[in-house]
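Below: the structure, in structure tokens.
All of the numbers you see were taken from the coordinates with simple rules; none came from a lab. Predicted model, so just to flag it, every value in this text is computed and none were measured. Every residue, glycine as well, gets a Cβ built from its backbone with ideal geometry; the counts of neighbours run over all protein chains shown.
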Amino acid sequence: MIEYQQNTTVKTCVICPVIAGKPMRLSEDSRLEEAKGLAAAINLDIIYAETVHLKEIKPAMFFSRGFTERLRPIVAEQQIELMVVDTLLSPIQQRNLERELNLKVIDRTALILEIFGERAQTKEGTLQVELAHLTYQRSRLVRSWTHLERQRGGAGFLGGPGETQIELDRRIIDDKIVRIKKDLDKVRQTRDIQRGARRKIPYPIIALVGYTNAGKSTLFNYLSQSNVMAADMLFATLDPTMRKISLPNGTEVILSDTVGFISDLPHELVMAFRATLEEVLNADIVLHIRDISNPDSASQRADVLDVLEHLGLNEIQYANNYIEVLNKADLLEETEKLSWQNKTANSNNTILTSAYSGEGCEQLLKLIEQKLSAANLHCSVTLPVSDGKTAAWLHQNSQILQLENAENLNTYIISIRPEDLARLSKMAENNEHISIRK
């Protein structure tokens with residue numbers, strides 16, 4: 001972890017390497033801005049930032065000696081304490097850079113882990129971050145520090161050569177990982193019980209996913225009239241948040257805000273946060289929130305779809321329960337905004353919105369209604385006028401399309417979810433006055 005006092009910031013330089021021949025989804029400027037944004041997310045004081053072009057990766061320090069010699073006087077003059085390298089470094093490369101430049105060096109994975117460690121609030125989020133930290137730390141033990149080569153005496157009457165410090169440290173980390181996984185299993189069991197309870201009600205789940213800082217939390221707040229933290233910074237939201245909202249036709253749904261994705265998301269974090277992201281796997285509707293004002297929006301979209309496929313949602317963009325929400329329309333030029341409005345006018349999978357101004361949000365709710373009702377079944381239910389309890393249940397759990405009155409009977413033409421129809425059928429089995437015609 002980066003050590004710094006509560007009211008001070010660490011003087012930092014951000015280096016974004018670009019390797020010849022290696023394809024990049026984001027532009028060079030966008031990558032550097034994103035790396036600076038990640039550093040700023042934990043209040044690091046960015047003194048110097050640079051994109052460095054490399055012909056090849058040097059095994060010893062990642063960078064050439066010419067680069068480190070050029071950077072050394074800048075580090076000394078500006079009293080820079082920390083260097084953030086926007087790529088994955090090996091333990092040897094990290095150690096050699098620290099010795100060469102006489103400062104602390106962290107890579108992209110360590111920086112994202114640092115942000116997650118500072119932002120996680122719930123017990124589950126804290127455990128997931130700690131698990132990711134330990135998994136990352138364990139891979140750094142090999143030849144990372146010279147003290148790890150020392151050997152400790154063996155225990156027991158048989159003696160033996162004992163174990164090296166590196167073996168002891170690895171065993172300590174492994175023990176912690178086992179403990180955290182057990183704790184997470186308990187949390188997952190609790191979450192499964194909660195999901196089971198929601199299925200019995202049940203409310204459709206609407207999950208918001210998207211690139212970090214795409215405006216998910218702002219949209220979540222607008223739709224649910226909540227005050228979840230929404231800020232113009234990367235990874236403002238880590239812990240999942242849920243709220244019940246009503247669609248225009250009265251249908252109640254659960255809106256779920258999730259952690260933002262990012263390019264080159266560390267594998268340790270994808271796996272650690274799988275339990276949190278299971279809300280997406282179980283969602284009735286997936287809303288993919290995109291920052292359409294960002295010039296790299298298409299690349300960010302591809303990164304999010306990659307993570308979703310890694311979670312098991314293959315070809316999600318072609319699914320009937322997928323809606324692409326082109327957010328931050330208020331930041332577009334008028335001609336560009338008009339162009340997007342024309343492109344999305346007749347689409348049932350894409351919609352233009354502004355969570356800031358509320359533009360397009362009502363249409364989004366109606367589109368969610370259409371998606372949910374597309375899987376519904378239509379049937380007629382006849383009840384005695386006196387059966388107010390079943391009538392109230394129908395109003396709460398189905399969409400009333402038509403109501404006909406005849407003598408002492410009411411006939412409801414309804415649109416209803418298959419699972420709710422199964423529940424209604426069981427109710428009819430125990431009540432001869434309820435008649436269902438499919």
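Pick out, in residue order, every one of the trypsin sites (Lys or Arg not before Pro) in segment 40-72 that is DSSP loop and has at most 14 other C-beta atoms within 10 Å; say none if there are none.
Loop-located and lightly packed - Lys55.
Check cross-link reach from Lys104 to the lysines: straight Cα distance under 16 Å, and skip same-chain residues fewer than eight apart.
Within the straight-line cut-off, Lys104 pairs with Lys11.
Could you work out the relative contact order of segment 1-142? I mean the mean sequence separation of Cα pairs under 8 Å and 6+ apart, divided by the number of residues, in percent. Intermediate values should be presented prior to the final figure.
On the way: 177 pairs, mean separation 37.0, N = 142.
Once divided by the residue count of segment 1-142, the mean separation gives 26 percent.
So for segment 343-438, considering every pair of alpha-carbon atoms, how many percent are separated by more than 18 Å?
Cα-Cα pairs in segment 343-438 separated by more than 18 Å: 53 percent.
What GluC sites (Glu not before Pro) in segment 41-98 are in a loop by DSSP, with at most 10 other Cβ atoms within 10 Å of the Cβ?
Within segment 41-98, the qualifying GluC sites (Glu not before Pro) (loop, at most 10 other Cβ atoms within 10 Å) are Glu56.
Would you pull out the residues with amide H under 5 Å of Gly210's amide H, same chain only if 5 or more places away, H placed 1.01 Å from N?
For Gly210, the qualifying residues are Phe261, Ile289.
Give me P(r) over segment 13-83, computed from all C-alpha to C-alpha distances, binned every 10 Å, as integer percentages.
18, 46, 33, 3
Quick one: what do you get for segment 315-376 if you divide its Cα Rg by 2.2 N^0.38 Å?
In units of the 2.2 N^0.38 Å rule of thumb, it is 1.16.
Which peptide among 19-25, 114-120 comes first, and what is the full order, when sorted by highest mean count of other Cβ atoms within 10 Å?
Ranked from most to least packed, the peptides come out as 114-120, 19-25.
Find the centroid of the Cα atoms in segment 377-438 and in segment 14-38, then give the distance between the two in whole Å.
58 Å
List the residues, sorted by chain then number, that are 5 or more residues from Thr350 or on another chain and whose placed amide H is less than 5 Å from its amide H.
Glu324
Taking a temperature of 25 °C and a viscosity of 0.890 mPa s, what whole-number D in µm²/s does Stokes-Einstein yield for segment 17-137 with Rh from Kirkwood over alpha carbon pairs?
In µm²/s, the coefficient is 158.
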